[in-house]
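Read-outs throughout are calculated quantities, based only on the coordinates presented, and are distinct from any laboratory measurement. Please read these numbers as outputs of a predicted model, since none were measured by experiment. We place every Cβ from the backbone using ideal geometry, glycine too, and count neighbours over all the protein chains shown.
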Amino acid sequence: MSDYLNGLFSLKGQVALVAGASSGIGAEFARALSKAGADVVLGARRKDRIEALSVEIANETGGRTLAVELDVTSRESVEKAFEKAKEMLGVPTIVCNNAGIAKPNWALEDTEEDWDATMNTNLKGMWRVGQVAAKLMLENGKGGSIINTASILGLGVGPQQLTYATSKAAVVQMTRAMAIEWQRWGIRVNAICPGYFKTEINDTFLDSELGQRMLAQSPAKRAGQLQELVPAMLMLASPASSFTTGVALPVDGAHSVRLA
């Protein structure tokens, strides 16, 4: 890579924390951030997974990594994870706010329990992580980049997705609200809106006849590959995006254009 591109997109000297790093998008982001030069904190409830992934990434890149137990539904857990990151590697200047769940169901069959669980993780959990991160960034005086994982279902909607789509639409609006308040302190907040990428959340659906039919009808005629999300994340994380904030960026092979 040329010196020019390295100067724009290198994350050397930065500390990145990934919430929801145990699998899927979060694990892919953790690998990419380390390859780009950041020290990486992997946070998730499944401590065994992130400990193994932390070692794997460190061996692959030679970078510093740290696994911390992180449950986004608990304020105490979030605060402890950030304090551990600060103590061991430094205040995170990049935060990938990625933890999420999905409980697809027809709207008439949704339960209050499923609604509460989804909102507490996908929306309130992201709010907790974003607020704690921003307070530390403000104290640190260096600003930073918070990247919320939303969804194209936060921009459009499909059947059996009332609760999930509502949570992700709220994440988009939360991202915008955080962005206008925190830009004055150099804290940027953006959202990535992935289309259909196979992860533990949706693999059963995407492998089903209905899922395959849905993908065949999409503009790209396929699901995305996780590595195709990485450039957008690195762009938003890097100093090159110092004047980019409040954006909800679809990465979806034009799927959301068709939903609009």
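Among 237-243, 41-47, the peptide with the highest mean count of other Cβ atoms within 10 Å heads the list, and the full ranking is 41-47, 237-243. Charge tally around ARG64: other residues with Cβ under 15 Å, Lys/Arg +1 each, Asp/Glu -1 each, net 0. Amide H contacts of CYS96 (H built 1.01 Å from N, in plane; Pro and chain starts excluded): LEU17, VAL18, ALA19, ILE147 sit under 5 Å, all sequence-distant by 5 or more or on other chains. Among CYS193, CYS96, a tally of other beta-carbon atoms within 10 Å of each Cβ gives an order, fewest to most, of CYS193, CYS96. Summarising the amide proton neighbourhood of ILE101: residues at separation of 5 or more, or on other chains, whose placed amide H is nearer than 5 Å comprise ASN122.
Of the residues ASP48, ASP252, the one with the fewest other Cβ atoms within 10 Å heads the list, and the complete ranking is ASP48, ASP252. Axis of helix 162-182 versus longest Cα principal axis of the chain: the two differ by about 30°, to the nearest ten degrees.
Under the simplified labelling scheme, the ASN202-ILE180 pair shows an inter-label distance of 2.9 nm, with each label point 7 Å from Cα along Cα→Cβ.
Summing Lys, Arg as +1 and Asp, Glu as -1, what charge do residues with Cβ under 12 Å from the Cβ of SER74 carry, SER74 excluded? Around SER74, the surrounding residues sum to +1. When only alpha carbons are used to place a centre, region 146-165 and region 26-85 end up 25 Å from one another. Once the Cα atoms are used to define both axes, helix 75-88 deviates from the longest principal axis of the chain by about 40 degrees. Here TYR164, TYR4 are placed in order of increasing Cβ neighbour count within 10 Å, fewest first, which gives TYR4, TYR164.
As a length-normalised measure over Cα pairs under 8 Å and 6 or more apart, the relative contact order of the chain settles at 19 percent. Length, then width, then depth: along the principal axes, the Cα atoms of the chain run 47, 42, 38 Å. Hull volume per residue, based on the alpha-carbon atoms of region 34-82 and their convex hull, is 61 Å³. Listed peptides 14-20, 149-155, 216-222, 230-236 appear in the order 14-20, 149-155, 230-236, 216-222 once ranked by packing, highest mean of other Cβ atoms within 10 Å at the front. Cross-linked pairs LYS80/LYS103; LYS12/LYS135; LYS47/LYS80; LYS35/LYS124: Cα-Cα separations exceed 25 Å for LYS80/LYS103; LYS35/LYS124.
Compared with the dominant Cα axis of the chain, that is its longest principal axis, helix 126-140 is turned about 20°.
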